[in-house]
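Every number in this text was worked out from the coordinates using simple rules, so none of it is lab data. From a predicted model like this one, the values you see are computed outputs, not experimental measurements. When we count neighbours, we look across all protein chains shown, and the Cβ atoms used for this are built from the backbone with ideal geometry, even at glycine.
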Amino acid sequence: DFMSTPIIEPKVDYLIRPDDELAGSANATILSLVTNNDLKELLPSIQQLEEKFNKKFGYPYVFLNDGEFSEEFKDTIINMLPNGRVVKFGQIEKEDWDMPDTIDRERYKIECEKMDKLKVSYVKKESYHNMCRFYSRKFYHHPLLQEYKYTWRLEPGTSLYCDVDYDVFKFMEMENKVYGYVLNLYDGANSIPTLWETTMEFVKKNPNYLNPNGAFDWLKENAQKPENFETAKGYSTCHFWTNFEITNLDFLRSEAYEKYMDHLENSNGFYYERWGDAPVRSIALALFLDKSRIHWFRDIAYNHNPYTNCPKCPEGSMRCDGRCKPGLFTMWKDLNIENCQATWIDKIMSDEEKNLY
Ligand code: GDP
Ligand code: MN
């Protein structure tokens, strides 16, 4: 089957190559939310993105921070990038980052203590709640992103292992894709106890936003889910791992997404629970979007601790640098219980889509 065939790139009629006059012409930017302290971990991630992809296409960068970027941070990044690369540094407004006044701090503390006992990661870090809320419903409104239609999210400490010889943003544009991901996982349910019921409230009030071709069967509890993973009261917990995401921001700026975000905000789960931007974004995509507009970049060899997507290369291919072992994160349900990609393949992907690989 298609999963065992080696892959270099999607098999579509047109891919924009580095020497094509359209190379680098998408309205797109690389986006990284970081602090000054992330510099050391960020540099190798930028280096690899440049080496494997962006030196051939020259897309700009936007760096965002809730604090102020130091001169050292800015200088170091500008100096490591090729001359002429557009780089912007922005600060986030306090009101877009900080915990809103509508949150009762006493209750927040109590709820986080409870979730901490249930081993919800980062739950006692207020900045992490802020980050998840920001990436869910604020970042695409930042002034530095207003001019862009697509973002490639880049996190510190991540790696790319194989060359990408086509313009990924132009691929999104020409294939009419809205969202591109690499890894798709199950999550522990304790960070989102009421996310699903809150979502269903929204859906009942706004059935018009549902897309009849949504990826519902991926969201619903499903038989493929390993037994030792709790469900979230009807939600499979399947989610795109948003630390890598290529997004058409028009979707996030759409009425359906924005109204859904307002609804989530008003139910306070970014603070009384620890809703991640990954389940939030994933649910929105699966409900409001035609599933064919979500693309799995099976060919992009990517690592964010602790998971890797390492595609199998054709014999003799020099595309990959040998640092990742094909199958390190195997796509099959019995071999890696946290992986939800098997569900996506079985229940969501069309044959046409499978033929892309
Ligand atoms: P994890 O991937 O879930 O372990 O979370 P990370 O610590 O990697 O955070 C996700 C992204 O948000 C990364 O790009 C971080 O650099 C960024 N981030 C997290 N917390 C903060 C913060 O307090 N301030 C800023 N400016 N960025 C943050
Ligand atoms: Mn991270």
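Sorted ascending by nearby beta carbons within 10 Å, beginning with the fewest, Leu15, Leu22 become Leu22, Leu15. For the chain, the alpha carbon convex hull comes to 140 Å³ per residue, rounded to a whole number. The HN-Hα couplings worked out from phi for region 238-245 by the Karplus form 6.51 cos²θ - 1.76 cosθ + 1.60 (θ = phi - 60°) are 4, 8, 6, 7, 6, 5, 10, 7 Hz, whole numbers, x standing for Gly and Pro. Within the same chain, lysines fewer than 8 places from Lys149 are excluded, and of the rest, those with a Cα less than 21 Å from its Cα are Lys55, Lys56, Lys88, Lys138, Lys170, Lys177, Lys259, Lys291. Counting neighbouring beta carbons within 10 Å and listing from fewest to most, the residues Val120, Val86 come out as Val86, Val120. Projection of the Cα convex hull of region 72-229, averaged over all directions and equal to a quarter of that hull's surface, yields 14.4 nm². Applying 1/(1 + (r/R0)^6) with R0 = 25 Å to the Cβ-Cβ distance of Lys347 and Val12 gives a FRET efficiency near 0.60. Per residue, the chain reaches -8500 deg cm²/dmol at 222 nm when only DSSP H runs of four or more residues are counted, each adding -39500 (n - 2.57). The ranking of Thr308, Thr5 from fewest to most other beta carbons within 10 Å of each one's beta carbon is Thr5, Thr308.
Loop-located GluC sites (Glu not before Pro) in region 127-215 (DSSP state other than H, G, I, E, B) with a sparse environment of at most 11 neighbouring Cβ atoms within 10 Å: Glu147.
The length gained by stretching the chain between Thr102 and Glu201 to full extension, at 0.36 nm per residue less their Cα-Cα distance, is 33.6 nm. Within the listed set Asn130, Asn208, Asn176, the Gaussian network model of the chain (springs between alpha-carbon atoms below 10 Å) gives the highest mean-square fluctuation for Asn208. For Leu64, the residues whose modelled amide H falls within less than 5 Å of its own, excluding neighbours fewer than 5 places apart on the same chain, are Ser32, Leu33, Val34, Gly90. Taking packing as the residue-averaged number of other Cβ atoms within 10 angstrom, the listed peptides 309-321, 255-267 run from highest to lowest as 255-267, 309-321.
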